[in-house]
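Just below is one structure, and these are the notes that go with it.
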Amino acid sequence: MTVNAKTSASSANTWRDLPAAQQPEYPDTEALRAVIADLESYPPLVFAGECDLLRDRLAAVAKGEAFLLQGGDCAEAFDGVSADHIRNKLKTLLQMGAVLTYAASVPVVKVGRIAGQYSKPRSKPTETRDGLTLPTYRGDSVNGFDFTEAARIPDPERLKRMYHASASTLNLVRAFTTGGYADLRQVHAWNQDFVKSSPSGQRYEQLAREIDNAMNFMRACGTDPEEFKTVEFYSSHEALLLDYESALTRVDSRTGQLYDVSGHMVWVGERTRQLDHAHIEFASKIRNPIGIKLGPSTSAEEALQYIERLDPEREPGRLTFIVRMGADKIRDKLPELVEKVTASGAAVAWITDPMHGNTYEAASGHKTRRFDDVLDEVRGFFEVHKALGTHPGGIHVELTGDDVTECVGGGDEIFVDDLHQRYETACDPRLNRSQSLDLAFLVAEMYRD
Ligand code: PEP
Ligand code: MN
């Protein structure tokens, strides 16, 4: 089939005829147009061939042969683009990946919520403090976090800052993952600053010793595989701001097809997944692997319609359902979805996001999550798949490599009264490094059982 490049490029914009939820209202549309024109001239952040490779990896997840670890900040921030923050986050994901690969004996596909996760859907358009009502913060790509009138005005120039922040982040991630830092022989080094202070760090150290022994054994046998020296790592974010995503959508010269080159994988969130609206239309035009968040109101019929719209060829790896029901609903709601989707012959990857259905406000006013609820939702997800004989394909979590106090519980327990100590998130509460490692160990146990 030959594809007319012109037709394809314009089809990145067919969403413009449809209602688009959660888009900023820019006061100056001329300025927005100029920014879009600039973004259209910028080089891709990722190569379309990498998106295809990730689709192959996710196909293995959909077929039950691999496990997806997807994680990172709820909202990245421009002032978080520093070597320390990026290294800590990556290190946490690499440690979780090592735990899952070794303890669950399964290939782990590693995808960050990173290098593009700057835009947030919000449940309320405004926020009131001390009698002052202002527009809500919608992520650094839209407006400022400060509670001032000036900061909260959407500024299209921020779309360009998002592009540059994503580019610098991705550059460092690529350097770390291919330049030696992610070498499995560093499995101890990732833990150095951590081991003494935390139970999960100590547990990790034990596992790292076993990995070391296994590698020494292999070396002694005369084999030292290249696979140990680098890590395949992919970027992902919510495709929320369609002006940005479509400006970064390009025709791939190899295939003549459209790819959103702002990240390897993009997902459509719970608040923007209306079947006849703009976000699903946009997602249907691009070849990237697509995720759809499925909340507790999702019907099986809806799930089947996502497949019709986004994966009509039933191509494993194309579509990932990221289920975020809440610990109290997952066991009731998920079975029918999995049963009907499986019966339809589609091979989607099923992933659990055990964060977004389990958020509550502590008495102190902090938005938080209980580690035990997160764990319970993951357990429910595994139970449902086990009962149906289907594959629990992975986890999607909000985490940071920093020592924050945003979620309560975990082996190195954070109490409600600790929340104020290091509550740094710009949006939802994240697991800290110790809680993330705890989760990886517990998930590995569930996977093995
Ligand atoms: C998110 O992933 O940060 C998010 C807003 O999730 P959801 O769309 O599932 O609510
Ligand atoms: Mn979130």
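If you wrap the Cα atoms of segment 101-203 in a convex hull and average its projected area over all directions, you get 10.5 nm². Counting only residues at least eight positions apart within a chain, or on another chain, the lysines with an alpha carbon under 20 Å from that of LYS160 are LYS120. Each of LEU275, ALA346, PHE441 was scored by the projection of its Cα onto the charge dipole of the chain, and the greatest displacement toward the positive side belongs to ALA346; charges sit on the C-beta of Lys, Arg, Asp and Glu.
Ordering VAL195, GLY179, ALA165 by Cα displacement along the dipole of segment 165-232 toward the positive end leaves VAL195 in first place; charges were set at the Cβ atoms of Lys, Arg (+1) and Asp, Glu (-1).
Taking Cβ separations below 4.7 Å as the criterion for a possible disulfide partner, the isolated cysteines in the chain are CYS51, CYS221, CYS407. 3J(HN,Hα) along segment 38-45, derived from phi through the Karplus expression 6.51 cos²θ - 1.76 cosθ + 1.60 where θ = phi - 60°, amounts to 5, 4, 5, 8, 6, x, x, 7 Hz, with x in place of Gly and Pro. Per-residue packing, averaged as other Cβ atoms within 10 Å, sorts the ranges 349-357, 59-67 into the order 349-357, 59-67, beginning with the highest. Here's the list of aspartates and glutamates a cross-link from LYS196 could span, going by alpha-carbon distance under 15 Å and ignoring same-chain residues fewer than 8 apart: GLU205, ASP403, ASP412. When segment 43-138 is described by a simple charge dipole with +1 on each Lys and Arg Cβ and -1 on each Asp and Glu Cβ, the residue from TYR102, THR133, ALA66 located farthest towards its positive end is THR133. Cross-link partners for LYS386 among the aspartates and glutamates, with Cα-Cα distance under 16 Å and sequence neighbours closer than 8 places in the same chain left out: GLU65, ASP332, GLU336, GLU339, ASP376, GLU377, GLU445, ASP449. Computed from the alpha carbon atoms alone, the convex hull of the chain holds 146 Å³ per residue. Label-to-label distance, THR14 versus THR359, with points set 7 angstrom from Cα along the beta-carbon direction: 3.2 nm. Computed from label points 7 Å out along Cα-Cβ, the spacing between PHE415 and THR223 is 5.1 nm.
Sorted largest first, the spans of the alpha carbon positions of segment 114-157 along the three principal axes are 36, 22, 13 Å. Projected onto its three principal axes, the C-alpha set of segment 1-151 covers 54, 50, 28 Å, listed from the longest axis down.
Quick note: the coordinates plus some simple rules give every number you see, no bench work behind them. Because the structure is predicted, anything quoted here is derived from the model rather than measured. Every residue, glycine as well, gets a Cβ built from its backbone with ideal geometry; the counts of neighbours run over all protein chains shown.
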